[in-house]
Amino acid sequence: LINTETCTPLPKKEFERRANVFETIKNGSELTANGVKLYPNPAQEKLYIEFENEENESAEFVLYDITGKIIFEISLKSNTKTTELNNLGVVNGIYFYRILNKDGVIQQGKLNIIK
């Protein structure tokens, strides 16, 4: 089946913002995109999230297991550049995360936990 409905293109700025969400660059043990740095990956007991926020707004870090169940979530305060997470209370494995603000997903990816 072919959908014959017409599509309305996104404004250039919105298209670029959405495209940047998926341009996560793996740099050694860091994941960096859209002003957010998550390290180390794989993580053991500590995980650091650097959140550079020009608009002075907060965001949420949400960690999911492989079934999509929320395992952990925390607010990233707009006035704190680096958030340190100690002892996430999870077992070894592969998890997925999202960092969201009021406009949607800023960054998402895979996080390995090895204790």
Any of 37/69; 46/115; 81/115; 81/102 with alpha carbons more than 20 Å apart? Name them for me.
37/69; 81/115
So for R0 = 22 Å, FRET eff. of residue 78-residue 39 from the Cβ-Cβ r, to 0.05, ends up at 0.60
HN-Hα J couplings of segment 87-103 from phi, Karplus 6.51/-1.76/1.60, θ = phi - 60°, integer Hz, Gly and Pro as x?
6, 5, x, 10, 8, 3, x, 9, 10, 10, 9, 9, 10, 10, 10, 5, 8
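Bear in mind these aren't lab numbers, they're just calculated from the coordinates by the rules spelled out. As the structure is a prediction and not an experimental result, all values here were calculated from the model. Glycine gets a Cβ as well: all are built from the backbone with ideal geometry, and neighbour counts include every protein chain shown.
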